[in-house]
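Quick notes on the structure that follows.
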Amino acid sequence: MHEMVHEEAPAQSAVPRERGRAIVVTSGKGGVGKTTTTANVGAALAAGGASVVLVDADVGLRNLDIVLGLEARVRHHVLDVLENKVTLDDALVTDKRVPSLRLLAAAQTREKDDVDTVAFRDLISSLRDRFDYVLIDCPAGIEKGFVNAIAGADEAIVVCTPEVSAVRDADRVVGLLGDNRSIKLIINRLRPALVRKGKMLSVDDVNGILRLSLLGVVAEAPDVIVSTNRGEPVALDAASPVGEAYRQIAQRISGTLTAPPEVPREPTFFEKLFGSAK
Amino acid sequence: MSAARRIVLTSGKGGVGKTTTTANLGAALALRGKRVVLVDADIGLRNLDLVLGVEKRIVFDLVEVVEGRCQLRQALIKDKRLENLLVLPAAQTRDKTAIGELQMAEVTAQLAELCDYVLIDCPAGIEHGFRNAVAGASEAIIVTTPEVSSIRDADRVIGKLRERGMPVRLVINRLRPEMVRSGDMLSVDDVTDILSAELLGIVPDDEEVIDTTNRGEPVALQTESRLGAIYDKIARRLEGDVVAFTQFGTPGFFGRLFRKAG
């Protein structure tokens, strides 16, 4: 896999700051947790001190605003910016909890075909001048919305659940992402008890097929549904084990954590009894 | 003989269970003696073949039918368990623009001459693939989960379908009664109120689905199982029968007692 050693162009701007990283979160299959991952990894990176902008590339079916609980604050969207109706600053929504986290919402009443791929790529490029991380929440599928979402990203996170159909779609997407992007894997919604019973693919089963660098494994947890419905990323909940998994993923992305990801295990009898694993 | 009903299963949001619902509803209808053709409209990201366990038997696909490279009948795969259940797989190495709405409508119309039900498994999203999948259908089943994001996407899709004058009915998938009871999940009434669409079925979250999906054996084939019975009910409602809904996640025993009393 290509690591991005060539990416550091000689500093031409007067600002001595390195450009931020543009990472697309994608999967092929829908509903595997792209938006949840984008929100939580972004929140964890921002809570760790980085400046982060989350870009919802799912024009027409946006949801990142809901998962972040910012839907009532969205006034303008990415197409307004691309069509020069408002400035970028007008469209960026600042997170309620983490001030270094911003959202650029997708248009809800427009189509993906309305987005010009080159203009979108240039927008991502300009965001990299302002933020440490630009996380792009890709729509499901491999149509125009996918092409737009990956255009400006030189890194990709593939989110996959331990299901045959999700693995097949992820494999297809890895092929479409090409060889010039760093591609890393998050396995989402693992149920350790089902894996033990042989009723769910294991981490090794999934990555035996995909063979990607593993960024993290996130267990299935009802609190993710609750936090998503409430618009409160679980990564900001210090007591949540799933939140901890996202925080570790963020640390692996930033390079502050080098230990390989742990595979979630079933709670022990005492943890079940006292609820500490919940 | 009158032509089949042509029903698209769609959702907006991905991963809510369109393909699983298509496979299981198709199997349930076939078990009731209906002749059913399932069409995978997810060109490039096909999965219906996996869920039905026919992936190794694919010779031709939808795109090859449209391009005239094979006869329609050559591309249809007969299920090994139910001989009146057929699948038309999508192409895997092409993209959605390989076919257009008119061509999709033509193929669906031809299929409708062969069977009682054509069920079309729509891709996620509302792009070209969605428009193709809808083009051949005269009615729609919206699959949604009781989550805010899924409902918002369903609402958007329902709007698009109603613009076309297409009747829509709702399957609420992966309901967790214990979470509804604890107030952590939207209830069936919440979802139907928001979407104001007629309810066709409620499918509880069940880990059996993950396993049966991975093994390519639709759970609806296990007619004695809880989910098998649920898909059979959905099939009967589709047939026009009036079948009472199982109450999931309504306030427990005492709540029901009071309701009866009142």
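Using label points projected 7 Å from each Cα along Cα→Cβ, tell me how many nm separate B:Ile194 and A:Ala238, to one decimal. About 3.2 nm, to one decimal. Taking other residues whose beta carbon is less than 10 angstrom from the beta carbon of A:Val53, and scoring Lys, Arg as +1 and Asp, Glu as -1, yields +2.
Rounded if a/c is under 1.5, else prolate if a/b beats b/c, else oblate: with a ≥ b ≥ c from the C-alpha gyration tensor eigenvalues square-rooted, which is the range A:159-235? Verdict is oblate for the range A:159-235. Ordering A:Ala156, B:Ala75, A:Leu101 by Cα displacement along the dipole of the protein assembly as shown toward the positive end leaves B:Ala75 in first place; charges were set at the Cβ atoms of Lys, Arg (+1) and Asp, Glu (-1). Taking amide H atoms as placed 1.01 Å from N in the peptide plane, the amide H of A:Ser213 lies under 5 Å from those of A:Leu185, each 5 or more residues away in sequence or on another chain. Overall form of the range B:119-236: oblate. Here a/c, set by the Cα gyration tensor axes a ≥ b ≥ c, is 1.5 or more, and a/b is not larger than b/c.
Electrostatic tally near A:Arg102: other residues with Cβ closer than 13 Å to its Cβ, Lys and Arg +1, Asp and Glu -1, net -2.
In vacuum, with every alpha carbon of chain A counted as one equal point scatterer, what does the Debye formula give for log10 I(q)/I(0) at q = 0.12, 0.13, 0.15 Å⁻¹? Two decimals, please. Rounded to two decimals, the profile gives -0.71, -0.84, -1.12. As a ratio to 2.2 N^0.38 Å, the alpha-carbon radius of gyration for the protein assembly as shown is 0.96. Pairs of C-alpha atoms in the range B:51-99 farther apart than 15 Å represent 43 percent of all such pairs. Between A:Asn84 and A:Ser126, the contour length at 0.36 nm per residue exceeds the Cα-Cα span by 13.7 nm.
Compute the label zone of B:Arg215 within the range B:39-53: residues whose backbone N is under 15 Å from the point 7 Å along Cα-to-Cβ. So the set is B:51-53.
Once the chain from B:Glu83 to B:Arg226 is taken as fully extended at 0.36 nm per residue, the excess over their C-alpha distance is 49.1 nm.
For the range B:154-195, the Kirkwood radius over C-alpha pairs fed into Stokes-Einstein at 25 °C and 0.890 mPa s yields D = 211 µm² per second. Over the residues of chain A, the helix contribution to mean residue ellipticity at 222 nm works out to -10500 deg cm²/dmol, using -39500 (n - 2.57) for each DSSP H run of at least 4. Per-residue shielding of B:143-156, expressed as the average number of other chain Cβ atoms within 10 Å of the residue Cβ, stands at 4. Within straight-line reach of A:Lys272, meaning a Cα separation under 22 Å, sit the following lysines at least 8 residues removed in sequence or on another chain: A:Lys197, A:Lys199. When chain B is treated as a GNM with alpha-carbon contacts under 10 Å, the residue of B:Gly12, B:Gly129, B:Gly159 showing the greatest mean-square fluctuation is B:Gly159.
Using the Karplus relation 6.51 cos²θ - 1.76 cosθ + 1.60 with θ = phi - 60°, the per-residue 3J(HN,Hα) values for the range A:74-79 come to 6, 10, 9, 9, 4, 5 Hz, with x marking Gly and Pro. For the range A:21-274, DSSP calls about 10 percent of its internal beta bridges antiparallel.
Relative to the longest principal axis of the Cα atoms of chain A, the long axis of helix A:117-128 lies at roughly 80 degrees. Antiparallel as a % of all DSSP beta bridges within the protein assembly as shown, to the nearest 5? Taking every DSSP beta bridge within the protein assembly as shown, about 10 percent pair in antiparallel fashion. With Cα atoms as the point set, the radius of gyration and Dmax of the range B:14-112 evaluate to 12.8, 36 Å. Per-residue shielding of A:61-67, expressed as the average number of other chain Cβ atoms within 10 Å of the residue Cβ, stands at 5. Considering only C-alpha atoms, what is the centroid distance from the range A:193-237 to the range B:190-208, in Å? For the range A:193-237 versus the range B:190-208, the Cα centre distance is 25 Å. Averaging the Cα positions of each part gives two centres, and for the range B:11-40 and the range B:76-123 these lie 12 Å apart. Partner shielding of A:31-38 amounts to 3, given as the average count of beta-carbon atoms from other chains within 10 Å of each residue beta-carbon.
The alpha-carbon positions of chain B define a convex hull whose volume is 129 Å³ per residue.
No value in this document is a laboratory result; all are computed from the given coordinates. For clarity, every value in this text was computed on a predicted model and none was experimentally measured. We place every Cβ from the backbone using ideal geometry, glycine too, and count neighbours over all the protein chains shown.
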